[in-house]
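> My questions will all concern the structure given below.
The values are calculated or read from the model by the stated rules, or taken from the named source; none is laboratory data. Bear in mind that the values here come from a model prediction, so they are computed numbers and not experimental data. Neighbour counts are summed over all protein chains in view; Cβ atoms, including those assigned to glycine, are modelled from backbone coordinates with ideal geometry. Please note that ligands, DNA and RNA were not included when accessible areas were found on the heavy atoms of the full protein model with its side chains. Shrake-Rupley method; radii C 1.70, N 1.55, O 1.52, S 1.80 Å.
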Amino acid sequence: MPQKNDFSRGSIPRNILNLALPMTLAQLINVLYNVVDRIYIGHLPNASTLALTGLGLTFPIITIITAFANLFGMGGAPLFSIARGKGDHARAQRIMGNSFSLLLISGALLTLVCFLLKKPILYLFGASENTFAYADGYLSIYLLGSVFVMIGLGMNSFINAQGFARIGMLTVLLGAVANIVLDPIFIFAFGMGVQGAALATVISQGLSAFWVLRFLTGKTTIYRLGRAAMRLDFSLVREITGLGMSGFIMAVTNSAVQVVCNATLSFYGGDLYVGVMTVINSVREVLSLPVNGLTNGAQPVMGFNYGAGEYGRVRQGIRFTSIACVLYTTMAWVCIMLIPAQFIHLFNSDPELIRLGVPALNLYFFGFFMMSFQFAGQSTFVALGKSKQAVFFSLFRKAIIVIPLTVFLPQLFHLGVNGVFLAEPISNFIGGAACFGTMMLTVWPDLKRKEQKRHAPSS
């Protein structure tokens with residue numbers, strides 16, 4: 001099999017940006033699936049705040065579905081890239097096929113389990129009598145598209161890993177454009193409200209999944225998805241799951257954080273503060289996109305070069321990614337400090353929500369630049385197949401720092417709801433420094449030693 005899209009040649013920053021820019025745009029478009037829903041629902045006449053709050057209660061479940069897509073998609077793609085770099089095409093083919101089978105199985109099981117347990121789960125996550133109907137109406141339809149999410153999100157990683165970032169961008173562009181067009185039709189023209197938003201999302205995700213399957217079974221792709229490779233190999237399943245566990249835990253702990261935040265805010269501040277957190281999460285998703293895109297774009301490049309033994313180029317990738325992430329997040333933080341109300345106004349026009357949301361936004365995003373160190377360190381561990389470190393730091397920041405702080409800070413010094421919003425910046429400082437520092441003390445010198453050994457004159 002000819003080696004196309006060889007990342008061991010050319011400028012490392014250019015290779016990363018060639019993937020990262022389309023992937024960032026793709027992720028921006030992908031966020032529009034949910035963000036556009038929130039924008040429209042947040043401006044519904046008469047019930048906008050309650051409807052937006054109800055939608056926010058479904059985020060943990062949607063995040064868990066995304067977590068399984070990350071488990072098998074983002075778990076398989078770095079292994080796939082390393083196999084490509086080594087020229088082991090048969091192994092790369094099997095990794096992609098096994099990941100696809102795992103995505104299908106988990107998608108079907110998640111749909112069944114969530115349908116059976118959705119009512120108690122939503123009340124556990126902070127729903128009230130006023131907000132349950134909105135949450136249930138959205139989720140009941142959204143779950144019908146769970147398998148589409150698995151295929152569209154999980155298998156798109158393999159399109160990007162082969163170097164077809166523009167095709168990967170078109171995957172989500174197709175779905176997002178459909179969602180933007182269908183949302184106002186179903187929500188307002190047909191008067192379906194939150195259920196219309198969910199239906200538009202399911203149709204859009206179905207189109208994205210169809211596009212992915214058509215490309216990966218077509219003639220243009222380097223590695224074609226075939227039935228023989230889909231037969232589960234349990235040694236590969238362990239490897240895929242082990243490496244994907246980092247992204248999975250990050251998404252699951254994000255879900256757990258959302259649950260704890262919603263429940264704590266509901267207790268200390270009521271439904272309105274749950275709505276504030278829904279808006280803040282939406283702002284964070286949008287502002288985090290370039291960092292996600294850059295680190296995700298760097299992973300195939302670093303993984304390929306690591307597999308090819310080009311360790312100096314891997315270090316170039318780490319250096320470029322880290323500096324670019326810090327510069328961007330610093331600028332984003334400055335913008336939030338200068339115009340916080342404008343960010344909130346995108347999602348809701350309720351004067352009371354904006355009044356409460358501005359100080360909450362300022363607290364939540366304090367020191368936002370430290371988040372980039374977590375992303376840079378984490379993506380390096382994943383790209384090089386170091387699953388244990390990646391999993392540990394995923395757990396460390398969210399499960400060990402954020403969740404306990406969210407529970408206990410509101411009780412200290414009468415902080416109340418402010419304690420919930422302070423948990424995030426504290427975790428960014430501690431978790432970001434620990435993750436990046438560990439990577440620089442372990443991975444960086446190891447890459448340097450391997451590079452020196454590779455270029456040392458043979459005796």
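> Given the criterion open to solvent by less than 10 Å² (accessible area, probe 1.4 Å) and in contact with a helix residue (DSSP H, G or I) (Cβ under 7 Å, 6 or more places away or on another chain), identify the matching residue among F421, F429.
On the way: F429 fails: open to solvent by less than 10 Å² (accessible area, probe 1.4 Å).
Sole residue among the options that is open to solvent by less than 10 Å² (accessible area, probe 1.4 Å) and in contact with a helix residue (DSSP H, G or I) (Cβ under 7 Å, 6 or more places away or on another chain): F421.
> What number goes with the only condition from (1) closer than 30 Å to S266 by Cβ; (2) buried (at least 22 other Cβ atoms within 10 Å of the Cβ); (3) touching a Gly at 6+ places or on another chain (Cβ under 7 Å) that M439 does not pass?
Status for M439: all satisfied but (1).
> Can I ask one more? Can you confirm whether F267 is closer than 30 Å to P120 by Cβ, open to solvent by less than 50 Å² (accessible area, probe 1.4 Å), aromatic (F, W, Y) and over 26 Å from the mean Cα position of the chain (by Cα)?
Answer is no for this residue.
> Right, something else. Say we look at segment 409-418 and pick out the residues that are under 16 Å from Y364 (Cα atoms) and without any contact (Cβ under 8 Å) to a residue 60 or more places away in the chain; which of these is surrounded by the most Cβ atoms within 10 Å (Cβ to Cβ)? Even if it seems obvious, please write down each step before you answer.
Here is the first cut: in segment 409-418, the ones under 16 Å from Y364 (Cα atoms) are 409-410, 415-418.
Applying the additional criterion that residues be without any contact (Cβ under 8 Å) to a residue 60 or more places away in the chain yields 409, 415, 418.
On the way: L409: 19, L415: 16, N418: 16.
So, considering only residues that are under 16 Å from Y364 (Cα atoms) and without any contact (Cβ under 8 Å) to a residue 60 or more places away in the chain, the one surrounded by the most Cβ atoms within 10 Å (Cβ to Cβ) is L409.
> Conditions: (1) open to solvent by 40 Å² or more (accessible area, probe 1.4 Å); (2) without any contact (Cβ under 8 Å) to a residue 40 or more places away in the chain; (3) within 26 Å of I159 (Cβ to Cβ). A324 meets all but one. Number of the miss?
(1)
> Output the qualifying pairs, or none if there are none: Cβ atoms under 6 angstrom, residues six or more apart or on different chains, first residue in segment 277-288 and touching a residue at least 12 places away in the same chain (Cβ under 8 Å), second residue assigned to a helix (DSSP H, G or I) and among the hydroxyl-bearing types (S, T, Y).
So the pair list comes out as I280/Y364.
> Given the options I354, I336, name the one that is in contact with a His (Cβ under 9 Å, 6 or more places away or on another chain) and assigned to a helix (DSSP H, G or I). Steps first, please.
Values: I336 fails: in contact with a His (Cβ under 9 Å, 6 or more places away or on another chain).
Going through I354, I336 in turn, the sole match is I354.
> Checking E352 against (1) more than 28 Å from I249 (Cα to Cα); (2) buried (at least 18 other Cβ atoms within 10 Å of the Cβ), which single condition isn't satisfied?
Checking E352 against (1) more than 28 Å from I249 (Cα to Cα); (2) buried (at least 18 other Cβ atoms within 10 Å of the Cβ), the one that fails is (2).
> Now a separate question. Can you pull out the helices (runs of 4 or more DSSP H) entirely within segment 113-229 that have at least 1 residues that are without any contact (Cβ under 8 Å) to a residue 60 or more places away in the chain and within 25 Å of V252 (Cα to Cα)? Steps first, please.
Numbers: elements: 132-142, 146-149, 156-161, 165-184, 193-216.
Fully inside segment 113-229 and qualifying: 132-142, 193-216.
> From the list M277, M302, exactly one residue is buried (at least 19 other Cβ atoms within 10 Å of the Cβ) and within 30 Å of R454 (Cα to Cα). Which is it?
Numbers: M277 fails: within 30 Å of R454 (Cα to Cα).
Testing whether each residue is buried (at least 19 other Cβ atoms within 10 Å of the Cβ) and within 30 Å of R454 (Cα to Cα) leaves just M302.
Here is a yes/no grid of residues against (1) aliphatic (A, V, I, L, M); (2) within 30 Å of V259 (Cβ to Cβ):
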{"residue": "S99", "(1), (2)": "no, yes"}
{"residue": "L103", "(1), (2)": "yes, yes"}
{"residue": "L116", "(1), (2)": "yes, yes"}
{"residue": "F125", "(1), (2)": "no, yes"}
{"residue": "G137", "(1), (2)": "no, yes"}
{"residue": "M150", "(1), (2)": "yes, yes"}
{"residue": "Q162", "(1), (2)": "no, no"}
{"residue": "R166", "(1), (2)": "no, no"}
{"residue": "L173", "(1), (2)": "yes, no"}
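> Go through segment 289-343 and give me each residue that's among the polar types (S, T, N, Q), touching a helix residue (DSSP H, G or I) at 6+ places or on another chain (Cβ under 8 Å) and over 21 Å from S81 (Cβ atoms).
Listed by number, the residues that qualify are T329, T330.
> Another one. Starting from segment 289-300, take each residue that is touching a residue at least 12 places away in the same chain (Cβ under 8 Å) and list its partners that are buried (at least 22 other Cβ atoms within 10 Å of the Cβ) and among the aromatic types (F, W, Y), counting only C-beta distances under 7 angstrom and pairs at least six apart or across chains.
So the pair list comes out as V291/F375; T295/F375; P300/F7.
> Across segment 357-385, what is the number of residues that are crowded, with 19+ Cβ neighbours inside 10 Å and not in a helix (DSSP H, G or I)?
2
> Now for a different question. Would you point out which residue out of L216, L232, L236 is crowded, with 20+ Cβ neighbours inside 10 Å and of a type in the set (A, V, I, L, M)?
On the way: L232 fails: crowded, with 20+ Cβ neighbours inside 10 Å; L236 fails: crowded, with 20+ Cβ neighbours inside 10 Å.
Just a single option satisfies the conditions, and that option is L216.
> Follow-up. Would you be able to tell me the number of residues in segment 77-112 that are open to solvent by 20 Å² or more (accessible area, probe 1.4 Å), charged (D, E, K, R) and either closer than 30 Å to L143 by Cβ or in a helix (DSSP H, G or I) (or both)?
3
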